[in-house]
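Worksheet for the structure shown next.
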Amino acid sequence: MLAEAIAQAGLEFNLPCGGQGRCGRCKVVVEAGEIKRRSTIRLTSTELEQGYALACQTLAQSDLVIFIPPQEEIIVRKLPSERHTAETITLPMPCDWESNPSIRQFHLEIPLPSLADNTTDFERLKRELNRQHEMGQLNASLPVIRRLARTLRDANWDVTAVLEMHNWFFEKGPPRLLDLLPGNERDHLYAVAIDIGTTSNVVYLVDLLSGKVVDTAAEYNQQISCGEDIISRIVYAKRPGGLEHLQRLVIQTLNGLIETLAERQGIAPTEIYKATVAGNTTMIHLFLGMWPEPIRLEPYIPTVNHPLPVQAAELGLHINPEATVDCLPGVGSYVGADITAGVLSSLMYQTEKLTLFIDVGTNGEIVLGNFDWLISCACSAGPAFEGAGVQSGMRATAGAIDEVWIHSQTHEPTYRVIGNERPRGICGSGMISLLAEMFLSGVIDKAGKINVNLDTPRTRIGEHGPEYVIAWKEETHDQRQDIVITQADIANLLRAKAAIYAGFSVLTRSVGLELAEVEQVLIGGAFGKYIDIEKAIQIGLLPDMPWDRFQYLGNTSALGAYIALLCPDMRRELNHIARRMTYLELSADNTFYDEFTKALFLPHTDLSAFPSVARLLK
C-alpha cells in the first residue's frame, strides 16, 4: 500500500480511519508510475483525472513519484490555554489527603558505619527510618538498591527518603523506597494525573504537599495519525508492529507533555513520583501495550477492566522510573476509566437526583442513576461529530467552522470560524449547528433530505449527490474547493445522533423510567463543553427538557484522575463505583434498533417528545 511506503520513507502521514478507506482524507497525487486502486468511492471523477488516489487503498505496481498534499496538522499543534486553567482546578469534594498521603518524604541523619557497627547500608537505612520516624519495614527494587551505597556516601549520610506508603493494590504492605535524595526534605513533591483521550491527551502536574494542580498541558494524541476513532486504531493494531507503534505514539505524546511541564516548573521529570491514568478501555489497552482486538468482536471482552499498577520504567514514561503508574478501573469494553472517573468527579454517585451523565464522542458513553444505583452503556455513534467520514469535516482546530446560521428566506449561511481565519472545514459543534439551521430553514426535511429545488445556488447536485455549500472556494483557506455538506454526510450525522439518543432511551426504559423523569443531565468530555444545548435539542441529539437541567462539566476524566491521585479514600471509592455499575450491552438489547430507527429523523419520529421544536415548526 502507498500508505505503508510513505511511512517507511519516514514521512508524517495521517490515516484518520486507520487505513480502512472510510474517510477519504489520505489523498495523494500519483505523478508518475503504475498503481492499482482498490477503491475510488471517496474520489470525484475530476480527482481521478488529476491522478488522485487514496494512499490506504492503492497498491504500487512500479516505482512511483507521489505528491502528498498538505494534510490537517495534528501532531505538533499544542492545545491552547491549558496552562492557565490550573488555578481553577479544585477538588469537588472534601478529602483528608494530608493525613494519609500515598507518597511521603523523610529526612534522615544516618550514623556512619564503622568496625563496631558494620550493619549493611540498606539495614542501616531501615533502622534509622524506624528509630527516627517509626517506619519499621521497607521494600526497594534492585535499581534503587544499586544506587544506595553511592548516594549515601556522596550525601555524607544526610539524606531524604521518598517512600510510596501504599497504593490500592498493596494498601497493607510495607512502604516502597522510590528515591533517596541528598539533604533535607523538598518543598514540593510532584505527581501527575493523566487523561488519555482518543483525540487529545491532558496532563495535570500536582504538588502532593499542597494538594494543588500547579500546571497543566494538553496535546493531540499522536495516535490520530493511525485512526481518529478507537475501532480504526484497533484495526491498525492488527498490522505487523501496529500495536507497538500505537503504544509508542501515546507514550511520546505524554512524555512531551511531561517534559513541557517539568521545564516550565524548573524541575526534573524524575521528581515526579506517581501517575494516575484515565481513558477509555481501548486507550488504556494501547497505553499498556495490550492486544485490543477482542474489544471490537462479539462478545466484546477486554483483557482487563482493573489493570494492576505498573512502574513507569516498564512503559517508558519519563517520570521517576520507580513511580507507580495507576490505570483507573473501567466497567466494560466501551465504558472505561474515563467514565468511572467522570462519575466520581461529577458526584453523581452521591446525589439523590436521577442523573444522566453523558460523554458525547465516538462511543457516546452514558451513565444513568444516583447514589443508590448506576447503569451504563455505550452507543457506537461513530466519528462523524469529530470530522471523520464527513467530506469537509475536521477537528475543532484553527480554521474550523464551529457555528452556522442560515437565513430562512434566502438560505444564505453566516458562519463563525475558530481562530477568525479563512475556513478549512467544519467541526462537530459546527455540524450540530448547521443541521439544526438547515432543518428549521427548510433546506432539509425531517428525514435529512436536501431540497435541491430551492431558489438558491447553495443547494445543488454534486459528484456525490445532493449537497449544500457552506462556503464557496474563494472564501476558503486554500481556495481549491467549496466547503459542503453532502446527503451522505447528513446520513452519517443522523446515524450518530440517533445512536446517542437511542442509548438514552433504552437505558432509561431498561430500569422502568422515562427520559422526562431525569432531573439533571451532566455533560462531560472536551467536545461536550462546545455543544449548543438549543441546537442539540433541535436535531434530537439531546432530550428536550429545560436548559437549566443541563450542566457542562468539562474534562471530568482528568479531574477524576486528579482526585484518585490525591485522595486514597476516593481511589478506593472509584473501585467501588466501577464494581457496582451495571453495564448494558446495547447490541444485545432487542429494543435498541427500534429506538435507533425512530431517532433517525429530525428531531425524532415522535415530535411530542420535542415540544420546543414542535412550536418552532408551527
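Bear in mind these aren't lab numbers, they're just calculated from the coordinates by the rules spelled out. The shown structure was predicted, so the numbers you read here are calculated from the model rather than taken from an experiment. Quick reminder, even Gly has a Cβ in these numbers, built from the backbone with ideal geometry, and neighbours come from all protein chains shown.
By other beta-carbon atoms within 10 Å, ranking 597, 216, 281 with the fewest at the front produces 597, 216, 281. For segment 446-539, a simple Cβ point-charge model (Lys and Arg +1, Asp and Glu -1, everything else neutral) yields a dipole of about 240 debye relative to the Cα centre.
Overall shape of segment 103-182 was characterised from the C-alpha gyration tensor. The equivalent ellipsoid obtained from it has semi-axes of 21, 13, 12 Å, in decreasing order.
Taking the Cβ of each residue in 472, 97, 547 as the centre, tally the other Cβ atoms inside 10 Å and list the residues starting with the fewest.
Sorted ascending by nearby Cβ count, the order is 547, 472, 97.
For segment 343-384, averaging the sequence separation of C-alpha pairs within contact (under 8 Å, six or more residues apart) and dividing by the residue count gives a relative contact order of 35 percent.
Within the chain, antiparallel bridges make up roughly 70 percent of the DSSP beta bridges whose residues both belong there. Taking Cα centre as origin and charging only the Cβ of basic (Lys, Arg, +1) and acidic (Asp, Glu, -1) residues, the dipole magnitude of the chain rounds to 780 debye. The relative contact order of segment 103-182, computed from alpha carbon pairs under 8 Å that lie at least 6 residues apart in sequence, is 38 percent.
For segment 103-182, build the charge dipole from Cβ charges (+1 Lys, Arg; -1 Asp, Glu) around the Cα centre, then report which of 177, 135, 106 sits farthest towards its positive end. Positive-end residue among those listed: 177. Between the residues 556, 192, 303, the greatest Cα displacement towards the positive end of the dipole of the chain, with unit charges on the Cβ of Lys, Arg, Asp and Glu, is found for 303. Annotation: lysines with alpha-carbon distance below 17 angstrom to residue 529 (same-chain offsets under eight excluded): 497. Look at the dipole of the chain built from charges on Cβ: of 43, 504, 370, the Cα furthest out on the positive end belongs to 43. Calculated mean residue ellipticity, 222 nm, the chain: -8500 deg cm²/dmol, from DSSP H runs (n ≥ 4) at -39500 (n - 2.57) each, averaged per residue and rounded to 500. Computed from point charges on the beta carbon alone (+1 for Lys and Arg, -1 for Asp and Glu), the dipole magnitude for segment 103-182 about its Cα centre is near 200 Debye.
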